[in-house]
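What follows is a single structure, written as structure tokens, with notes after it.
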Amino acid sequence: MGLIEAIILAVLAASTPLLLAATGELVTERAGVLNLGVEGMMIVGAACGFGGAWLSGSVIIGALCGIGAGVLMSLIFALMTLGLAVNQVATGLALTILGIGLSGLIGSRFVGEKISLAPHLHIPGLTDIPLVGRILFGEDAFVYLSLALVIGVWFFLYRTRTGLILRAAGDNHTSAHALGYPVLRIRMFAVMFGGACAGLAGAYLPLAYTPFFIPGMTAGRGWIALALVVFASWLPGRLVIGAYLFGAVTILQLHAQGWGVGVPSQLMSALPYLATIIVLVLISRARTGGSTAPAALGTVFVPDR
Amino acid sequence: MQLVLEKRAERSSAIALISPLIAIGLTLATMSILFAMLGKNPISALGVYFIAPFVDSYSLQEIAVKATPLVMIAIGLSLCYLANAWNIGAEGQFLIGAVAGSWLAVKTQGTDAGPWVFPAMLLLGAVGGALYGLIPAICKVRFGASEILTSLMLVYVADLLLDYLVRGPWRDPKGFNFPTTAEFDPVATVPVLIEGGRLHLGGVIALVVVAAGAVLLARTIKGFEIRVVGAAPRAARFGGFNSNQLILLAFAISGALAGMAGIIEVAGPVGHLQPGISPGYGFTAIIVAFLGRLNPIGILFAGLFLALTFIGGEQAQITMKIPLDVTKVFQGILLFFVLACDSLILYRFKLVFASPKVSRGAH
């Protein structure tokens, strides 16, 4: 296996959790809800995903546990922001703080344990094609799932009636409510979808990336996923480009450390975070003529009957 | 059955006063259930958490020591949150303040520098924290980048910078390769208030910060402008307030206070610069700010209460083998209940059974 091929495989693996979490958050934000708790939902998803897989011996059950945990976490968020009309930014922070504590509590008994990683696809003939075979036909199921999810979300948002209503709720909740659409219910499902994706993204880390659980293993990926949604201007297609770019930065810094480039390893480790800041500045600066964000993003909605 | 919110005609000041207490009560009830689920006796666990620290003078002093950074950071954060600027990177500003002040301590080590060293370190910590806090503020007002994400990203960067310094250039040559600077000289440490005790000058500084915050918000034009910009941005525009300038100011003050808290922590309780100097003070301070209802006096009490959870958490781990993560869970749940109870100030909650059938409009 060539070095280039190895790097591309590593980039795809590093990008997949970012893509999964960002896709979920994109749908949530398109419905007008800013859930800053992605990091918290991811880390609980990672702990529950590993726990499920370790206890059952099945990666699929692990992934389902991760999804379930993410949905439960997102329901707390929905109850607070949609049910009780609490500020979304503060609630998202609370969700992250709670998630970090809960994951430590749940995951403590699994620290030091090991599982076998999710298997990679192998189609005799196709996977063995030199150069592109492993990249196109030799990934784990999550990689394909994340790409299918992006296509599905794009189709849902732009080609279905429900998707149109969801976007309407995110752009102007008062009008959507006046037209008789259940804004809060739509938003609740959008938040739950975001939670499911974040939980799965978290579970990906111990199930397909590193075969063990360590506390804090998401290392800010949830926050980077939030930044990716801004980077993508809330468009699913651009999310793929953004996620793979960030995955590339992550892998680049790992390899650069391995090659012994004469730069402190901490500076290389800081690259993904610095890149996020620079990208946010450049993207926000380019958008001088009005923002592309959903118009009602982050605002509280209390229906008057 | 459906939960319906009804806007109150005016905000309920009675509930505004007691809502933090309701929130604490609900959190304690939830924690009892969690303790029972962990197989621990809830009564004795809560006792270890919230009563045992009051018994001996060492723990009492330790509460004040832990509350010092929490209160200082939270006062700064409350200014930001009142101005509707979301600084969530106080942890990073805390670390950079610690680094900036430690630079002087490391450079003057072993020289016969006078007692000016510690005040100069305080100043450096404040300046370092303020400059670091200004980065997300400038990115926001100049380029429109979300201050939430940039300030949070800078926490990871600060953490890595500190790690680099204590493993590289500033490492104690006689430290057996541990990632730490040498112990600071006496002139570079925070003076202790009681001989042989834990209580140090930082506690006094925190009280001064509380008083200054109260005066700034209640008695000065700038404080008024900060509150108006956050609560009624349109009115602020008509009033001719420069909201960008106020955001920069709030971030600078917030960063300076966090940075000062950082250098006090390093030059006081810790005594040298090393990774892990903060058990998440910058994040816990967010809870302190909200539990104190963004009011300086409230923040003082909230800071003491959350400091108690750190001490209680450590004792519960030692005596009852309750994992330290329970403290984080506790803090997260507390913030949820605080926010939910705050909603009661503006709304009345009503449970509606058998919701009336509403005919849908366009379909």
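Side notes on the structure shown:
- Here the Karplus curve 6.51 cos²θ - 1.76 cosθ + 1.60, taken at θ = phi - 60°, turns the phi angles of the range A:4-21 into couplings of 4, 4, 4, 5, 4, 4, 5, 5, 4, 5, 6, 7, 4, x, 4, 5, 4, 5 Hz, with x standing for Gly and Pro.
- Report note on the peptides B:279-292, A:225-238: ranked by the mean count of other C-beta atoms within 10 Å, highest first, their order is B:279-292, A:225-238.
- Applying both filters, DSSP loop and at most 16 other Cβ atoms within 10 Å, to the trypsin sites (Lys or Arg not before Pro) of the range B:256-335 gives B:Lys321.
- Debye log10 I(q)/I(0) at q = 0.08, 0.12, 0.15, 0.18 Å⁻¹ for the range B:65-294, Cα point scatterers: -0.29, -0.63, -0.93, -1.24
- For B:Lys222, the lysines whose Cα comes closer than 29 Å to its Cα, not counting residues fewer than 8 places off in the same chain, are B:Lys140.
- Each Lys or Arg adds one and each Asp or Glu subtracts one; over the other residues with Cβ under 15 Å from the Cβ of A:His122, this totals -2.
- Rounded FRET efficiency, nearest 0.05, which uses the C-beta distance separating A:Leu131 from B:Ser12 and R0 of 51 Å: 0.15
- Positive minus negative residues near B:Gly97 (Lys, Arg vs Asp, Glu; Cβ under 13 Å): -2
- Folded to 0 to 90 degrees: helix A:183-204 orientation relative to chain A principal axis, Cα: 10
- Unit charges on C-beta of K, R, D, E only; dipole of chain A, Debye: 580
- For the peptide B:162-168, the mean number of other protein chain Cβ atoms found within 10 angstrom of a residue's Cβ is 3.
- The range A:70-178: C-alpha gyration tensor shape, a/c 1.5 cut-off, then a/b vs b/c: oblate
- In terms of its C-alpha gyration tensor, the range B:50-167 has an oblate overall shape, because the principal axis ratio a/c (a ≥ b ≥ c, square roots of the eigenvalues) is not below 1.5 and a/b does not outweigh b/c.
- Distances between placed amide hydrogens fall under 5 Å for B:Ala145 paired with B:Lys140, all partners being 5 or more residues away or on another chain.
- Rounded, prolate or oblate (a/c below 1.5 giving rounded, otherwise prolate when a/b exceeds b/c) for the range A:15-222 by Cα gyration tensor: oblate
- Per-residue mean of foreign Cβ neighbours for A:271-282 is 5 (Cβ atoms of other chains, 10 Å radius).
- For the peptide A:127-139, the mean number of other protein chain Cβ atoms found within 10 angstrom of a residue's Cβ is 0.
- Positive end of the dipole of the protein assembly as shown (Cβ unit charges, origin at the Cα centre): among A:Ala53, A:Leu282, B:Ser32, the Cα lying farthest that way belongs to A:Leu282.
- Rounded Å value of the spacing that divides the Cα centres of the range B:174-236 and the range A:4-81: 38
- Note on A:Thr210 and A:Ala256: the extension gain reaches 14.6 nm, defined as 0.36 nm multiplied by sequence separation minus the Cα-Cα distance.
- Angle in degrees between helix B:281-291 and the longest Cα principal axis of chain B, rounded to the nearest 10: 30
- Amide H within-cut-off set for B:His200, under 5 Å, with H built and near neighbours excluded: B:Leu193
- For B:Leu273, residues with placed amide H under 5 Å, excluding near neighbours: B:Thr181
- Rounded to the nearest Hz, the phi-derived 3J(HN,Hα) couplings of the range A:96-104 under the Karplus curve 6.51 cos²θ - 1.76 cosθ + 1.60 (θ = phi - 60°) are 5, 4, 4, x, 5, x, 4, 5, x, where x marks glycine and proline.
- Within the shell of other residues whose beta carbon sits under 11 angstrom from the beta carbon of B:Phe251, the net charge comes to 0, with Lys and Arg scored +1 and Asp and Glu -1.
- Percentage of interatomic Cα-Cα distances in the range B:221-363 larger than 25 Å: 52
- With Cα atoms, 0 to 90° folded angle of helix B:117-143 axis to chain B main axis: 40
- Violating pairs (Cα-Cα greater than 21 angstrom) within the set B:Lys7/B:Lys350; B:Lys7/B:Lys328; B:Lys40/B:Lys321; A:Lys114/B:Lys328: B:Lys7/B:Lys328; A:Lys114/B:Lys328
- Entry note, the protein assembly as shown: the mean residue ellipticity at 222 nm calculated from DSSP H runs of n ≥ 4, each adding -39500 (n - 2.57), is -23000 deg cm²/dmol after division by the residues and rounding to the nearest 500.
- Take each peptide in B:82-92, A:115-125, A:176-186, A:75-85, count the other Cβ atoms within 10 Å of every residue, and average; sorted highest first, the result is B:82-92, A:75-85, A:176-186, A:115-125.
- The range A:248-269 and the range A:103-138 have Cα centres lying 24 Å from one another.
- Highest-first arrangement of B:29-42, B:335-348, where packing means the average Cβ count within 10 Å: B:335-348, B:29-42
- Backbone geometry of the range A:207-216 corresponds, through the Karplus equation with coefficients 6.51, -1.76 and 1.60 at θ = phi - 60°, to 3J(HN,Hα) couplings of 8, 9, 9, 10, x, 8, 10, 10, x, x Hz, x marking Gly and Pro.
- The lysines within cross-link reach of B:Lys174, meaning a Cα-to-Cα straight distance under 17 Å and a gap of 8 or more places when in the same chain, are B:Lys107.
- Here each label is just a point 7 Å from Cα along the line to Cβ, and for A:Leu72 and B:Val192 those points are 4.6 nm apart.
Only the coordinates and a few stated rules stand behind these numbers; no lab work does. Everything quoted here is computed from the prediction, not taken from an experiment. Glycine gets a Cβ as well: all are built from the backbone with ideal geometry, and neighbour counts include every protein chain shown.
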